[in-house]
Each structure stands twice: as structure tokens, then as C-alpha cells.
Amino acid sequence: MTAPTVEFHFDFGSPNAYLSHLVIPQIEARTGATFRYVPVLLGGVFKATGNRSPAESLAGIRNKPQFEALQTQRFLKAHGITRYRFNPFFPVNTLMLMRIAAGCELDGTLGPYVEAAYHHMWEDPKKMDDPAVVRAALDASGLDGERLLARAQEPDAKARLLANTEASVARGTFGSPTFFVGDEMFFGKDQLRDVEDEIARAKA
């Protein structure tokens, strides 16, 4: 049977979405599935669902933030991830980055942009809500930073990001990373094992 296409609903501001991005190629290689990247605005998701970021929701809670940090370290070790660096400017307002992503999705150029944006967010981290920083970072990655910043301001890019976000929430999304295998939704990097199991069921 043909392997399904998995939707990966992501925002560059989520470190867990970045870590999922690093693991996705391994799953694709094992299963033959293809992951389709769908840019959504996490701030818009939170506003629509009444959700809050972990930085807010875990503030003042004893032990849980420490356990979450431990889980991240376990994930890094399990997948041999060594290039992750926490962004010292976190949280970063990702509206500009995600509008660029939506424009690239429309233009069929999302892949190279995703690699560049994730690199400058979580590998060589920078203040990626500063237009001058973003332009220089994208230029350094071999992309046309000025053109991409202009793309973020075009009506179709803005509309696409809004439509993606609203449609994602309508399907059940409340955060990032969120995955859809057919109608089955999975949330968080730690459910990638369940995503892979669902791919196998869909192929059977």
C-alpha cells in the first residue's frame, strides 16, 4: 500500500517543532511516508484556543519544568541531536517568519526557507523578529532576504497564513508541533512514535 502524506503543522517559535523537524527525515526513510509542512501562526492558535505557551503555563510550578527539560535532553540523546541551541531571545515573535513561510508555501519554495529559518532560530540562534537580522541571516544562507521580507507583506501570504491557522484550529490544533495522519491528530515531538505507528496502520 502507498504510504500516506503526513501534515506537519509548525511554527518556527516552537523548539519542539524544530526537534521534530530533525527527526522527520528518519521517519520518512523508514516508512516511505512524506511529511507536508504547513505553516501556522502559533500566537494565533493560542489566541483562538485560549492556550498559553509552556513558558507561561509552567511558570511557578515546582518540578514540572525540570522534568520537561529532562525529557528534552532524553530526546536529544535518543536521536543523536547535537546542533540544537536554545535561542537566548526566546520568545521570538514569529509573525514575519511565518508569513514568509506561507508565501514560500504558495511559491513552492518552502523547503530551503525552512532549513534556513530553523538554522538561525535553533542552531545558530539570532533575534529572528528583527527584520535586519532576518535579512542578513537569510542572505547568509544563500536566500534573497530582501525579497523574502517583501513576500511577507504581500496579501496572499498574509491570507494563506491566516487560512492555514484557522483551518488547523478547526481540525483540533492547540499548539505546535501538531501532526495529522489522515484524520488522526497527534501533538508534540514525543508522539512521533505514535505518528509512525499510525503510518504503518494506514499502509496496512
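The values are calculated or read from the model by the stated rules, or taken from the named source; none is laboratory data. Keep in mind the model is a prediction, meaning the values are calculated, not measured. Cβ atoms come from the backbone with ideal geometry, glycine included; neighbour counts cover every protein chain shown.
Values for this structure:
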{"quantity": "Any hit, segment 65-74, residues being at pLDDT 95 or above and under 23 Å from G172 (Cα atoms)", "calculated": "no"}
{"quantity": "Tabulated pairs, segment 108-119, first small (G, A, S), second buried (at least 17 other Cβ atoms within 10 Å of the Cβ), C-beta under 6 angstrom, 6+ apart or interchain", "calculated": "A116/L138; A116/L143; A117/F12; A117/L97"}
{"quantity": "Any helices (runs of 4 or more DSSP H) falling wholly within segment 10-85 and containing at least 3 residues that are out of contact with any Ser or Thr (no Cβ under 7 Å at 6 or more places or on another chain) and under 24 Å from D129 (Cα atoms)", "calculated": "15-31, 42-49, 54-57"}
{"quantity": "Residue count, segment 24-38 (criterion: over 21 Å from T173 (Cα atoms) and surrounded by 13 or more Cβ atoms within 10 Å (Cβ to Cβ))", "calculated": "6"}
{"quantity": "Whichever residue in segment 57-68 is within 20 Å of D190 (Cβ to Cβ) and among the charged types (D, E, K, R) and, among such residues, is surrounded by the most Cβ atoms within 10 Å (Cβ to Cβ)", "calculated": "E68"}
{"quantity": "Residues being at pLDDT 95 or above, touching a helix residue (DSSP H, G or I) at 6+ places or on another chain (Cβ under 9 Å) and over 18 Å from R160 (Cα atoms) - total across segment 1-25", "calculated": "13"}
{"quantity": "Any chance I100 is of a type in the set (A, V, I, L, M, F, W, C), under 17 Å from L19 (Cα atoms) and at pLDDT 95 or above", "calculated": "no"}
{"quantity": "Test: residue in segment 47-55 that is in contact with a helix residue (DSSP H, G or I) (Cβ under 9 Å, 6 or more places away or on another chain), more than 28 Å from L148 (Cβ to Cβ) and among the polar types (S, T, N, Q)", "calculated": "yes"}
{"quantity": "Of residues in segment 1-19 being within 8 Å of the chain's Cα centre (by Cα) and among the hydroxyl-bearing types (S, T, Y), the one nearest to A200 (Cα to Cα)", "calculated": "Y18"}
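Table: residues versus (1) more than 16 Å from the chain's Cα centre (by Cα); (2) of a type in the set (K, R); (3) surrounded by fewer than 11 Cβ atoms within 10 Å (Cβ to Cβ); (4) closer than 30 Å to L161 by Cα.
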position	(1), (2), (3), (4)
V40	no, no, no, yes
G43	no, no, no, yes
A48	yes, no, no, yes
L70	yes, no, yes, no
I81	yes, no, no, yes
